[in-house]
């Protein structure tokens, strides 16, 4: 299974914020949308970073409540790993696990086409394994 298969099911919506928005504004947006991360893009749509709940919590420890008035560009992760739609789910899961990140923007031909989370990948992998188990069970039953 490929990342494109997940995007076909999930959709290609990617939420983003401008780098000068405050962390407080971004926290409100994450909560309202019930998501764990947003891309940080400039006014032309170019990806500048990503900010996740984890980035915010770690920065809260460092800056205290002053964090809420800081621009999100101060806490975002600047180096963003991306995937292509043809990357396998297994490969993307392995990269995300080893890199300890939970969100992966999907880029094709230099254009953002979606974003997947580790939860999306796990959910699809479990479905794939359930299907394989069903096929093996059916084959075993048909044999006897």
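Bear in mind these aren't lab numbers, they're just calculated from the coordinates by the rules spelled out. Values in this document were obtained by computation on a predicted structure and should not be read as measured data. Don't worry about glycine lacking a Cβ; one is built from the backbone with ideal geometry, like all the others, and counts go over all protein chains shown.
Here are the numbers for the structure shown:
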| item | result |
| --- | --- |
| Set 72, 80: member being more than 30 Å from residue 8 (Cβ to Cβ), buried (at least 16 other Cβ atoms within 10 Å of the Cβ) and in contact with a strand residue (DSSP E or B) (Cβ under 6 Å, 6 or more places away or on another chain) | 72 |
| Top-ranked residue of segment 79-122 - restricted to ones that are farther than 13 Å from residue 2 by Cα and assigned to a helix (DSSP H, G or I), ranked as nearest to the chain's Cα centre (by Cα) | 118 |
| Pairs, first farther than 19 Å from residue 117 by Cα in segment 50-66, second assigned to a helix (DSSP H, G or I), C-beta under 6 Å, six or more apart | 59/67; 60/67 |
| Residue in segment 14-23 that is within 30 Å of residue 126 (Cα to Cα), outside any helix (DSSP H, G or I) and either in contact (Cβ under 8 Å) with a residue 40 or more places away in the chain or in contact with a helix residue (DSSP H, G or I) (Cβ under 9 Å, 6 or more places away or on another chain) (or both) present | yes |
| Any chance residue 52 is over 16 Å from residue 106 (Cβ atoms), surrounded by 15 or more Cβ atoms within 10 Å (Cβ to Cβ) and in contact with a strand residue (DSSP E or B) (Cβ under 9 Å, 6 or more places away or on another chain) | yes |
| Residues that are in a loop (DSSP other than H, G, I, E, B) and in contact with a strand residue (DSSP E or B) (Cβ under 9 Å, 6 or more places away or on another chain), drawn from segment 24-38 | 35, 36 |
